[in-house]
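In what follows, a single structure is set out as C-alpha cells and then discussed.
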Amino acid sequence: MTTQAQKQDGMIHGEQVDGPMEDYINRDFYEEWQQCEGVKVIRDFAFEDLRTLELGPWARKGGRGAVINIPNDVLKNDAHVIEISSGGKSEPERHLYEETVYVLSGRGASKVWYEGQEPETFEWQAGSMFAIPLNAWYQHFNTGNQPARYIGVTTLPSLLRFFKDREFIFNNPCKFPARFGGEAEYFAKAKRYNRRVWETNFIPNAPDLGLFAYSERGAGGINAVLEMAGNSTRPAISEFPVGTYKKAHKHGPGAHLVILSGTGFSLLWTKEDMSDLRKCEWREGGMVIVPNDDCIHQHFNSGPTRARYLAFHPGHMGMRKPKHGGNLSNVSKKKGGWQIEYEDQNPLVNEIFEAELAKHGAQSRMHEYLKKET
Ligand SMILES: [Fe+2]
C-alpha cells in the first residue's frame, strides 16, 4: 500500500501493515533504509584513513558518501561518511535520531533551525566538531575550493529498529526546545564543568581541545567528555603520551574511535589465548569500531608524537547507568570489572608494541607504568 508521504516525495515512507504482523515485527527497517537510500554500505570495523575511503554517490547529502555498519544486529549506532563537493550543498533534512559530526577535511558552513525559528548559521573546517540538535532542520554547504568530508555518528539503527517507521523518524514535526531553543550563538558557547566534562555544541578544533588527567585507563592519559546539544550520546576525547599504551578492556559494542592525531594501532580479540587477535593500524583520520560485547581492545601509541582519538559512544538509550561509578570498563577484572591491569596482560601485548615502536624509531615508556602496577 502506498502512503501519502510516498506519493509526495518518493523518498520518505510511512508504514502500513498489509501482511501478517509477524512479518512486520521481523522486518529490519534499518537495512531497508540503507537499500532505500541506495547508499554504499561498508561492513568493516577498522579503517586506516577515512579521508581516502572510497565513497559512492549520495546526492541528497551533497555529493558522495557511505554508511559504515559492521555486521552486527545489536549495534545501536552507525557512521555516515559524507563528502560535499566544492560549492555543493546537502538537501535540508531533519530526523529523530542523534548525530554528532567531526569534519575530516575541507571547510564549510551549516544552517540549523526548527520550524518558525530564525536559522542559526556557523562555519566549520577540518578538525571541527558539532552536534545536530534532535529533529532540527539542517543543511550543510561546502564553502571551500576542495571537497569537504565529514563523519557523522548516529543513533539511527536503534531508533529505526525500535519505531519501525521511516516517516516517524524523518518527517516528524516534534520540536525539543530544551535541547535547542533557537538561541543566538548556540554553536559558539563552550564551558567546562565537573573536571573532565565540556558542555558545548561546537568545537572549532577538536585536536586542540583542552583535556584533563585521566588515570583510570593507565599510562599518563588525558581525556574529556563532551555534552553536546542535550544529547544522550556523549563522545569523549582521549590522548596518550609517546611510547605508551592503554589498558585492555571491554564494554558494549558501538564505540567509534576516530584518530585525531598520531600514529599507532589497536588490538582487538575475544578469546582468552588471543588466538583471534586482529591488529588494526591507524594514523590521523583512521577509525576503529568496537564490534561486539565480547571484544577486548587495547590502544597503542607507537609513533613519535602524542596520539589523540575521539570516541563516539552509542549512549545508554534511556537506561540508567550501572553501578560501580557507572562503568565497569574502568574496573579491574580482579574486582569484577572489565579491565585487564598491565601486570595481568598477555606478554604478547608488550612484544607487539616493542616491535611496532622499533619501526617508528620510538622508545617505550611503559616500564614506568608496568613497574608502578606491580
Ligand atoms: Fe574501549
Subject >> Additional length obtainable on full extension of the chain from HIS367 to ASN145, 0.36 nm per residue less Cα span >> reply: 75.1 nm
**OP:** Of the listed pairs LYS246/LYS334; LYS164/LYS250; LYS40/LYS279; LYS247/LYS271, which have alpha-carbon separations greater than 20 Å here?
**Re:** LYS164/LYS250; LYS40/LYS279
Original post:
When the helices in the chain are scored as -39500 (n - 2.57) per DSSP H run of 4 or longer and the sum is shared across all residues, what 222 nm value do you end up with, to the nearest 500 deg cm²/dmol?
Top reply: -4000 deg cm²/dmol
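How big is the Cα convex hull of the chain in projection, averaged over all directions, in nm²?
19.8 nm²
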Subject >> Highest-first arrangement of 286-293, 52-59, where packing means the average Cβ count within 10 Å >> reply: 286-293, 52-59
Subject >> Cα long-axis angle, helix 347-360 against the chain (0 to 90 degrees, to the nearest 10) >> reply: 80 degrees
Subject >> For region 4-170, the spread of Cα positions along each principal axis, largest first, Å >> reply: 52, 42, 23
Original post:
Which whole number in µm²/s is D for region 96-227 by Stokes-Einstein, with the Kirkwood Rh taken over Cα pairs at 25 °C and 0.890 mPa s?
Top reply: 150 µm²/s
**OP:** Could you please tell me the mean projected area of the C-alpha convex hull for region 190-373, averaged over all directions and given in square nanometres to one decimal?
**Re:** 10.4 nm²
Original post:
Between VAL331 and ASN26, how many nm apart are label points set 7 Å from Cα along the C-beta direction?
Top reply: 3.9 nm
**OP:** Along Cα→Cβ, 7 Å out, is where each label goes; now give me the distance between the ones at LYS271 and GLU91 in nm to one decimal.
**Re:** 4.7 nm
Original post:
Rounded to the nearest 20 Debye, what is the dipole magnitude of region 190-373 about its Cα centre when Lys and Arg each give +1 and Asp and Glu each give -1 at the C-beta?
Top reply: 640 debye
Subject >> Unit charges at the beta carbon, dipole of the chain: most positive-side option, PRO92, SER332, ASN231 >> reply: SER332
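A short reminder: the numbers here are calculations on the coordinates, not readings from a lab. Please read all numbers here as calculations on a predicted model, not as lab measurements. Because the Cβ atoms are built from the backbone with ideal geometry, glycine has one as well, and the counts that use them run over all protein chains shown.
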